[in-house]
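Working notes for the structure below.
The values are calculated or read from the model by the stated rules, or taken from the named source; none is laboratory data. On a predicted model such as this, the values are computed, not experimentally measured, just so you know. Every residue, glycine among them, receives a Cβ derived from its backbone with ideal geometry; neighbour counts consider all protein chains shown.
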Amino acid sequence: MSFRYTSRILRLQRGLGVQTSRNGCRVATNAPVWQHCRAVASTANAEKVLFPGALNSEFTSTLDFLQPSQTQAISTYRVMNQYGEIIDKDIGVETTDEEALDLYKNMVKLSIMDLLMFEAQRQGRLSFYMVSAGEEGIAIGSASALSPADVIFCQYRETGVYMQRGFTLSQFMNQLFANAKDHGLGRNMPVHYGSKELNIHTISSTLATQIPHAAGAAYALKMQNMWSPETEPRIAVCYFGEGAASEGDFHAALNIAATRQVPCIFICRNNGYAISTPTSDQYRGDGIASRGAGYGIATLRVDGNDIFAVRRATKEARRLALHDGGRPVLIEMMAYRVGHHSTSDDSFAYRQRVEVEDWKRRDNPITRLRKWLEDNALWDEDKEKALRSVTRKEVLRAFEIAEKEKKPSIKNAFEGVWEELTEEQKMHVEELKDILTRYPKEYDVEQYEGGISGLDELLAQKKQT
Ligand SMILES: Cc1ncc(C[n+]2csc(CCOP(=O)(O)OP(=O)(O)O)c2C)c(N)n1
Ligand SMILES: [Mg+2]
């Protein structure tokens, strides 16, 4: 790549013109000092020396260590208190009645689906499931404040993001049953949804890998936004837990997002636990929000039980993320993980039942919005009963249909990694066919589309080569 082309890209990335200053530095015309001059100098009697690593630091003769334990904790943004009352009535909720009702119905739908799928796993009909109890407001509220074109990266407890964006009950069920209609063709664990149409990348079990992916995608979007000013600008949005924020990937991602000034919202769901590890063992600082300042990223802590606060914070974060060509924003959404980590976990082995019961009673995103709806004469007990009954039926119907579908063809276990099967894989196919044919009582191949013929197709490919 030529030097002229590279420097043009760099100028475009910043969205700035470049001119030469008096001291010979090539400077971006309207950028702050740290952005436009690498070698810095200062006069002997200056109040501050412009060390390249800390440009705005004044000298002091007081020996005063920064003591995070003595500074006040970052405050938590709220619009509505736990009684469903709006705190600042002048600002209001910035949500129409219809929108509030939709959000509520989606949260209820999510919680009913969670309950039924959890039970289905206990009955042995599903292999695995993860509920979002206590965090429905974070996923549904934030997703409702984004553009459908924004590109989303989830961890695994953000089923509500998919639901809010239009992922259907059938799509959830097909993935959970790994049937032939599952987009992933049965290759992923349950709850590892993905949707190209909805611009949501497929979930990966490997914690935190989605965070640098989001930073990288946001960098690409930054350039796209600049090169195609006629199309609506887009951002990347990344969800992760406070436990995942202990991975190196989190730090690398936030740092590159800050230094490259990319349009990305990092949404941390701080639910108090990473499986059995409580936050008191996870970190010693002031949550995850305190790390934002360390990376030079605009940061806000939000009450995740308050869906109005979640929505407003996300809307404003999106505006900030697109301002001036792009910048990252970190939001720490506070919650309590009401359910077990997953169906493979029994959380009462490491936390008291009473702790969970207290939280259930004390505060919850669904009951809080319900109080607001009832106070505004938009909801009542009859509507609640009707909604729950209809939703339950819808979920069970989609569940039963998906359960009856065939599994994807067995050949999918071998395809999709290499363009052509390797010699070793072909031997595996032959061996598998031999075992399946010899032990028909052990392996019911008829539940897979095409039965054993799926493997014959692969072996036929072998003969051609
Ligand atoms: C790299 C990696 N290490 C460990 C795990 C095992 N693991 C799965 S979920 C989890 C806890 C994550 O907690 P958090 O990020 O707080 O999300 P939450 O489950 O609370 O929503 C761990 C340790 C993993 N999947 N990947
Ligand atoms: Mg957690």
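Out of curiosity, is Ile152 closer than 26 Å to Asn271 by Cβ, in the same structural domain as Arg318 (by TED's automatic domain parsing) and touching a strand residue (DSSP E or B) at 6+ places or on another chain (Cβ under 6 Å)? Break it down stepwise before answering.
Details: closer than 26 Å to Asn271 by Cβ: yes; in the same structural domain as Arg318 (by TED's automatic domain parsing): yes; touching a strand residue (DSSP E or B) at 6+ places or on another chain (Cβ under 6 Å): yes.
Yes; evaluated as a whole, the condition is true for this residue.
Is one or more of the residues making up the range 74-82 loosely packed, with under 12 Cβ neighbours inside 10 Å and within 27 Å of the chain's Cα centre (by Cα)?
Keep residues of the range 74-82 that are loosely packed, with under 12 Cβ neighbours inside 10 Å, which gives 75.
Retained after the next criterion (residues that are within 27 Å of the chain's Cα centre (by Cα)): 75.
Checked the range 74-82: at least one residue is loosely packed, with under 12 Cβ neighbours inside 10 Å and within 27 Å of the chain's Cα centre (by Cα).
In the range 247-273, which residues are away from ligand 1 (no atom under 16 Å from the Cβ) and either part of a strand (DSSP E or B) or touching a helix residue (DSSP H, G or I) at 6+ places or on another chain (Cβ under 8 Å) (or both)?
Ile256, Ala257, Arg260, Gln261, Val262, Pro263, Cys264, Ile265
One residue is enough: does the range 404-416 have a residue meeting the conditions surrounded by fewer than 18 Cβ atoms within 10 Å (Cβ to Cβ), of a type in the set (Phe, Trp, Tyr) and not in a helix (DSSP H, G or I)?
no
Exactly one of these conditions fails for Gly285: (1) more than 14 Å from ligand 1 (Cβ to nearest atom); (2) assigned to a loop (DSSP other than H, G, I, E, B); (3) under 25 Å from Val161 (Cα atoms). Give me its number.
Just one mismatch for Gly285, condition (3).
Please state which one of Ser246, Ser228, Ser276, Ser280 is free of Cβ contacts under 8 Å to residues at least 24 places away in the same chain, within 16 Å of ligand 2 (Cβ to nearest atom) and not aliphatic (A, V, I, L, M). Please lay out each step first, then the result.
Values: Ser246 fails: free of Cβ contacts under 8 Å to residues at least 24 places away in the same chain; Ser228 fails: within 16 Å of ligand 2 (Cβ to nearest atom); Ser276 fails: free of Cβ contacts under 8 Å to residues at least 24 places away in the same chain.
Being free of Cβ contacts under 8 Å to residues at least 24 places away in the same chain, within 16 Å of ligand 2 (Cβ to nearest atom) and not aliphatic (A, V, I, L, M) holds for just one of Ser246, Ser228, Ser276, Ser280, which is Ser280.
I need a count of the residues in the range 361-388 that are surrounded by 14 or more Cβ atoms within 10 Å (Cβ to Cβ) and either at pLDDT below 95 or touching a strand residue (DSSP E or B) at 6+ places or on another chain (Cβ under 7 Å) (or both).
4
For Leu254, only one of the following conditions fails: (1) within 28 Å of Leu101 (Cβ to Cβ); (2) in contact with a Lys or Arg (Cβ under 8 Å, 6 or more places away or on another chain). What is its number?
Among (1) within 28 Å of Leu101 (Cβ to Cβ); (2) in contact with a Lys or Arg (Cβ under 8 Å, 6 or more places away or on another chain), the lone unmet condition for Leu254 is (1).
Can you name every residue in the range 114-142 that is closer than 18 Å to Arg370 by Cβ and either crowded, with 24+ Cβ neighbours inside 10 Å or not hydrophobic (A, V, I, L, M, F, W, C) (or both)?
Kept after step one, since they are closer than 18 Å to Arg370 by Cβ, are these residues of the range 114-142: 114-115, 132-141.
Within the range 114-142, Asp114, Ser132, Ala133, Gly134, Glu135, Glu136, Gly137, Ile138, Ala139, Ile140, Gly141 qualify.
Considering (1) within 16 Å of ligand 2 (Cβ to nearest atom); (2) aliphatic (A, V, I, L, M); (3) over 19 Å from Asp363 (Cβ atoms), say which one Leu322 fails and leave the rest.
(1)
Determine if the range 171-178 includes at least one residue that is surrounded by 22 or more Cβ atoms within 10 Å (Cβ to Cβ) and within 30 Å of Val93 (Cα to Cα).
no
Is it true that some residue in the range 197-205 is within 25 Å of Ala133 (Cα to Cα), within 16 Å of ligand 2 (Cβ to nearest atom), small (Gly, Ala, Ser) and surrounded by fewer than 18 Cβ atoms within 10 Å (Cβ to Cβ)?
Quick first cut of the range 197-205, residues within 25 Å of Ala133 (Cα to Cα) only: 198-205.
Applying the additional criterion that residues be within 16 Å of ligand 2 (Cβ to nearest atom) yields 203, 205.
Next, from what is left, pick out any that are small (Gly, Ala, Ser): 205.
Now narrow it down to the ones that are surrounded by fewer than 18 Cβ atoms within 10 Å (Cβ to Cβ): 205.
Yes, because at least one residue in the range 197-205 is within 25 Å of Ala133 (Cα to Cα), within 16 Å of ligand 2 (Cβ to nearest atom), small (Gly, Ala, Ser) and surrounded by fewer than 18 Cβ atoms within 10 Å (Cβ to Cβ).
I'm trying to understand the selection: among the residues of the range 329-372, which are more than 24 Å from the chain's Cα centre (by Cα), within 16 Å of ligand 1 (Cβ to nearest atom) and either of a type in the set (Phe, Trp, Tyr) or closer than 30 Å to Arg318 by Cα (or both)?
Across the range 329-372, the qualifying residue is only Tyr350.
For Arg234, all conditions in the list (1) buried (at least 16 other Cβ atoms within 10 Å of the Cβ); (2) within 16 Å of ligand 2 (Cβ to nearest atom); (3) farther than 23 Å from Glu136 by Cβ; (4) not polar (S, T, N, Q) hold save one; what is the number of the exception?
With (1) buried (at least 16 other Cβ atoms within 10 Å of the Cβ); (2) within 16 Å of ligand 2 (Cβ to nearest atom); (3) farther than 23 Å from Glu136 by Cβ; (4) not polar (S, T, N, Q) applied to Arg234, the lone miss is (2).
So Ala298 ticks every box in (1) under 27 Å from Ile275 (Cα atoms); (2) in contact with a helix residue (DSSP H, G or I) (Cβ under 7 Å, 6 or more places away or on another chain) but one. Which box is left unticked?
(1)
Assess whether Pro278 counts as being buried (at least 18 other Cβ atoms within 10 Å of the Cβ), assigned by TED's automatic domain parsing to the domain that holds Met130 and either within 16 Å of ligand 1 (Cβ to nearest atom) or modelled with pLDDT of 95 or more (or both). Before the answer, list the steps.
Values: buried (at least 18 other Cβ atoms within 10 Å of the Cβ): no; assigned by TED's automatic domain parsing to the domain that holds Met130: yes; either within 16 Å of ligand 1 (Cβ to nearest atom) or modelled with pLDDT of 95 or more (or both): yes.
No.
Take the range 427-452 and flag every residue that is over 22 Å from Asn188 (Cα atoms) and either surrounded by 16 or more Cβ atoms within 10 Å (Cβ to Cβ) or in contact with a Lys or Arg (Cβ under 9 Å, 6 or more places away or on another chain) (or both). Can you show your working first?
Of the residues in the range 427-452, the ones over 22 Å from Asn188 (Cα atoms) are 427, 430-431, 433-442.
Once the filter is applied, which keeps residues that are over 22 Å from Asn188 (Cα atoms) and either surrounded by 16 or more Cβ atoms within 10 Å (Cβ to Cβ) or in contact with a Lys or Arg (Cβ under 9 Å, 6 or more places away or on another chain) (or both), the range 427-452 yields Glu430, Lys433, Leu436.
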